[in-house]
Amino acid sequence: MAKARNLTQKIIAQHLVSGKMTPGSEIGLRIDQTLTQDATGTMAYLQFEAIGIPRVRTELSVSYVDHNTLQTGFRNPDDHRYLRTIADKYGIVYSPTGTGICHQLHLENFAKPGKTLIGSDSHTPTAGGVGALAIGAGGLSVALAMAGEAYMLPMPKVVRVNLTGELTGWASAKDVILHLLGLLSVKGGVGKVMEFAGPGVATLTVPERATITNMGAELGATTSIFPSDGQTKKFLARMGRPEDFIALAADPKATYDEEVEIDLSALEPLAAAPHMPDRMVRIKDLDGMKVDQAAIGSCTNSSYTDLKATAQILKDKRIDPSTDLLIAPGSKQVLKLLTAEGLLDPLLDAGARILECACGPCIGIGGSPVSKGVCARTFNRNFEGRSGTQDAQVYLVSPLTAVNAALNGKFTDPATWGAPPKKAELPKRVPSIRQLFVFPPKDGSQVEILRGPNIVALERFGDLPRKLEGKIALKVGDNITTDHIMPAGAAIMALRSNIPAISEHVFTKVDPEFVKRIRELGGGFILGGENYGQGSSREHAALAPRHLGVRAVIVKSLARIHRANLVNFGILPLLLINKDDYETLAQGAELTIPAADIKPGKPIDLLVAGGAKVTVTNDLTAKELEIIQSGGLLNTVRIS
Ligand code: MIC
Ligand code: SF4
């Protein structure tokens, strides 16, 4: 009899092209679908072009434009035009600027149970809400998947998150994932898939599940997934694609590597306090704290059901005049539904600002709060400065909490909020926005790719020298995010297609002298703590340091996507064995790394000027080491 498998193992087994399904060992997965967004997409497609094949080899690839929609100046629109022409040429579906946020749109229109999806955005696991195995990755990994190559990753451990009970009162799906983040921390999911199971699953609708799988990214998890069941069937039918439904669940006797219990009935409204998504506090403990801005939107909480609940609470009310309320619907479908049901009026009449269906304030593209402003945002990240205001205090909350904060101008005890609105459900007939997508012609060979002057050709990186000599150019602490390494915001993100220009901003929020220093040093190393590189999938956080001459990062531990990006661009990820060495090593210390002697998984000594030694190891496979030695993955795969 076949071995009982959990849902994750089942989908992996169906897509396995290489490796053994033993946690930690490298596996290769066949990828059915890919997605990109504009801020990471231009680089992914430049890389796809360099690989040199005439058409994508996936079942479906979609290119969304949702991040840099501000379009001040020529850079963003030029990027978007490039993406549109690339899509036509290579057989990719194009989602024009303003149609919606990639993850919300993908869930509504394309995600399918049992399929594998990789996306050049860390919140790609949103599609796990319908039972897809959806993983965030760097742009180059996505480019390779579009070229039909397997996606390589360490076989994850599978955690059964057993849900019991049912959400009550003002508790919502956001509070489920905030609770889990409080339990496990921002590195608690590294190397793991969060698989939801148990009797509580059936009580959650697909939009609620998608809120949870989306923010599983903040656990550092490889992905999160729900079974495909009656709720999934209903959702897909309402989205006009009942044929995409298949029932999927773990085998009854399946085993898991770990288990976590969550009693949904015991949850209450929570917030992640500044500046980390795992700093869990109860809303009732924030009672009385002034809130300057509430914002509802982002790929975590911008669904129709979220905004309907918001509208119901705001009906015939006015937000506190000292508080701003920003609302960004996740897609034009959401906006059309709100319009059709007269739900925009309560939002407008209450004083809310309706923003474009895009990422917007979530990534510091507009909507920055006042100095030291306290914000109640329904987003998934509250890293310092990400809002565009360096000293803002961002609390991550549910839409229900955000709207109550906007009404009261402060956080208040949920016990004073009255009766919660009835749980919102999608209507039976949902208007389709499918006509907005641009489907590619059968033959794109004659399509001309249009590039603007800000789209700079890829750099060819040299091999790894046999010996690396240099200084620690920067020492940083634990949980350094890719927002620290390569800041976001409208001005810097406009440079995403121009590595030399964007490199001027590496680590500027952490140490404004960094770029000048590393230039003077002619390259060097970064010393970091635990979970280095958490957060965004932006490969610019590896590419731009590489451009500046960073050849190794020496850290206590690494976040998954950033680790892969370092390998992809030829930067050595070295792991400190003795964590005390982190304390002893200072910024400016001179190191010699015997690069040619590094072997997969083997400890090696680095020489510190003055005679000391520091032992490091690595978790690289032989193939990954080879990639780094060749100067990066593109050098090993490009045809042109
Ligand atoms: C984010 O939420 O940080 C982003 C912006 O969506 C990133 C991608 C990027 O940096 O372009 C992500 O989550 O991967
Ligand atoms: Fe966009 Fe924010 Fe989601 Fe990133 S987290 S994809 S910036 S909405």
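The values are calculated or read from the model by the stated rules, or taken from the named source; none is laboratory data. Nothing here was measured: the structure is a model prediction, and the numbers come from that model. Here the Cβ positions follow ideal geometry from the backbone for every residue, glycine too, while neighbour counts run over all protein chains shown. To get the accessible areas, we keep the full protein, side chains included, count just its heavy atoms, and leave off ligands, DNA and RNA. Shrake-Rupley method; radii C 1.70, N 1.55, O 1.52, S 1.80 Å.
Under 13 Å from the Cβ of Ile319, count the other residues' Cβ atoms, weight Lys and Arg +1, Asp and Glu -1, and hand me the total. That sum, taken over residues with Cβ under 13 Å, equals 0.
Under the rule a/c < 1.5 gives rounded, and otherwise a/b versus b/c splits prolate from oblate, where does segment 95-181 land using the Cα gyration tensor?
Numbers: a/c = 2.38, a/b = 1.48, b/c = 1.61.
Verdict is oblate for segment 95-181.
Available extension along the chain between Val510 and Ala622 is 36.9 nm, counting 0.36 nm per residue and deducting the alpha carbon span. In the chain, a dipole from Cβ-located charges (positive for Lys and Arg, negative for Asp and Glu) runs towards its positive end, and of Thr255, Leu133, Val614 it is Leu133 whose Cα lies farthest in that direction. Sorted largest first by accessible area at a 1.4 angstrom probe radius, with every protein chain in place, the residues Glu459, Glu108 fall in the order Glu459, Glu108.
Computed from the C-beta positions of Asp345 and Asp257, the FRET efficiency with R₀ = 56 Å rounds to 0.65.
How much accessible area per residue does segment 5-113 have, counting only protein heavy atoms and a probe of 1.4 Å, in square angstrom? Please list the in-between numbers first.
Values: 3080 Å² over 109 residues.
I get 28 Å² per residue for this part.
For a straight C-alpha distance cut-off of 29 angstrom, the lysines reachable from Lys290 (same-chain residues fewer than eight places away being disregarded) are Lys174, Lys308, Lys315, Lys317, Lys372, Lys410, Lys422, Lys423, Lys509.
Share of carbon and sulfur in the accessible area of the chain stands at 51%, probe radius 1.4 Å. Using the Cβ of Ala247 as centre and a radius below 9 Å, the other residues enclosed give a net charge of 0, where K and R count +1 and D and E count -1. Rounded to the nearest 5, the antiparallel percentage of DSSP beta bridges internal to the chain is 35%.
Distance from the C-alpha centroid of segment 474-498 to that of segment 47-123: 22 Å, rounded to the whole angstrom. Near Lys290, once Lys and Arg are set to +1 and Asp and Glu to -1 for all other residues with Cβ below 13 Å from its Cβ, the sum equals -2.
Rounded, prolate or oblate for the chain? Axes are the square roots of the Cα gyration tensor eigenvalues, ordered a ≥ b ≥ c, and the cut-off for rounded is a/c under 1.5. Could you put the intermediate results ahead of the total?
Working: a/c = 1.44, a/b = 1.35, b/c = 1.06.
Rounded, since a/c falls under 1.5.
Rounded, prolate or oblate: pick one for segment 41-137, where a ≥ b ≥ c are the square roots of the eigenvalues of its C-alpha gyration tensor, a/c under 1.5 means rounded, and failing that, prolate if a/b is larger than b/c, else oblate. Since a/c reaches 1.5 but b/c is at least a/b, the shape of segment 41-137 is classed as oblate. Put the Cα centre of segment 135-151 next to the Cα centre of segment 268-334 and the gap is 34 Å. The distance linking segment 179-238 with segment 364-432 is 21 Å (Cα centroid to Cα centroid, whole angstrom).
Lys157 exposes around 80 Å² of accessible area when a 1.4 Å probe is run over every protein chain in place. Starting from the Cα of Arg318, step 7 Å toward the Cβ, then list every residue of segment 400-443 with an amide N under 15 Å from that point. Inside the label zone: 407-409. On full extension, the segment bounded by Ala586 and Leu607 gains 6.2 nm, given 0.36 nm per residue less the C-alpha separation.
Take the Cα of Arg466, step 7 Å toward its Cβ, do the same at Lys336, and the gap between the two points is 6.4 nm.
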